[in-house]
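For reference, the structure is listed below as structure tokens.
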Amino acid sequence: VRRVPSPNCDARPAGVPVDMVVLHNISLPPNEFGGPDVERLFTNTLDVTAHPFYAGLRDLRVSAHFLLRRDGELVQFVSCNERAWHAGISRWQGRERCNEFSIGIELEGSDYVPFAEIQYARLEALLQALRQRYPLRHLVGHNDIAPQRKTDPGPFFDWGRVPTA
């Protein structure tokens, strides 16, 4: 795991168990893979003049616990013991503010292309490691907790390839 600290996090509320993983997809620029701009977004160093799409990201302060790149590289931005700012306004089974009790995993991808085989293998290994440390009960997509706002991980994510929490 390569660590790239993000300032976009804070303390989790005391006494709230981490029992959920939220899967996302991300690519910057949209539908382009392999560049440095996701890391730049999560570390507040994105040059918003570098691409027309980025103007809308100017004041965005987001992160995730992990980014799983298309080549299988795993990058960690926030300790799982801290709250990463990945879910936004969210709700799951009557609980709001999902950042408080979840781990966010960004898969480098989009709603328009299948994910890479290595991503599924690495995701399975990561989930197995997380289950050894946290009482995970839910594995959901961003679209499950914010259905009015989000579509990720998208129609090309194969849920049958990952064991449910």
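The values are calculated or read from the model by the stated rules, or taken from the named source; none is laboratory data. Predicted model, so just to flag it, every value in this text is computed and none were measured. When we count neighbours, we look across all protein chains shown, and the Cβ atoms used for this are built from the backbone with ideal geometry, even at glycine. When the accessible area is computed, the model is the full protein with side chains, heavy atoms only, and any ligands, DNA or RNA have been set aside. Shrake-Rupley method; radii C 1.70, N 1.55, O 1.52, S 1.80 Å.
In table form, for the structure just shown:
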{"quantity": "Residue-normalised accessible area of the chain, given per residue in Å² at a 1.4 Å probe", "calculated": "49 Å²"}
{"quantity": "5 Å-binned pair-distance histogram of the stretch 1-48 (Cα, whole percent)", "calculated": "5, 15, 18, 24, 18, 10, 7, 3"}
{"quantity": "Cα-based Rg of the stretch 15-82 normalised by 2.2 N^0.38 Å, two decimals", "calculated": "1.22"}
{"quantity": "MRE, 222 nm, helices only [DSSP H, n ≥ 4, -39500 (n - 2.57), over the chain, to nearest 500]", "calculated": "-4500 deg cm²/dmol"}
{"quantity": "Dipole magnitude of the chain about its Cα centre (Cβ charges: Lys, Arg +1; Asp, Glu -1), debye to nearest 20", "calculated": "500 debye"}
{"quantity": "Estimated FRET transfer efficiency (R97, R58; beta-carbon r; R0 22 Å; 0.05)", "calculated": "0.35"}
{"quantity": "Cβ charges +1 (Lys, Arg) and -1 (Asp, Glu), total dipole of the stretch 8-106, debye", "calculated": "280 debye"}
{"quantity": "Per-selection metrics, the chain (Cα): Rg and Dmax in Å", "calculated": "14.8, 43"}
{"quantity": "Full-extension gain in nm, D111 to E124, via 0.36 nm per residue minus C-alpha separation", "calculated": "2.6 nm"}
{"quantity": "Antiparallel bridges, percent of DSSP beta bridges restricted to the chain (to nearest 5)", "calculated": "35 percent"}
{"quantity": "Net charge, T45 excluded, C-beta distance under 11 Å - Lys, Arg +1, Asp, Glu -1", "calculated": "-2"}
{"quantity": "Virtual paramagnetic centre 7 Å along Cα→Cβ of V16, amide N under 15 Å, in the stretch 104-140", "calculated": "104"}
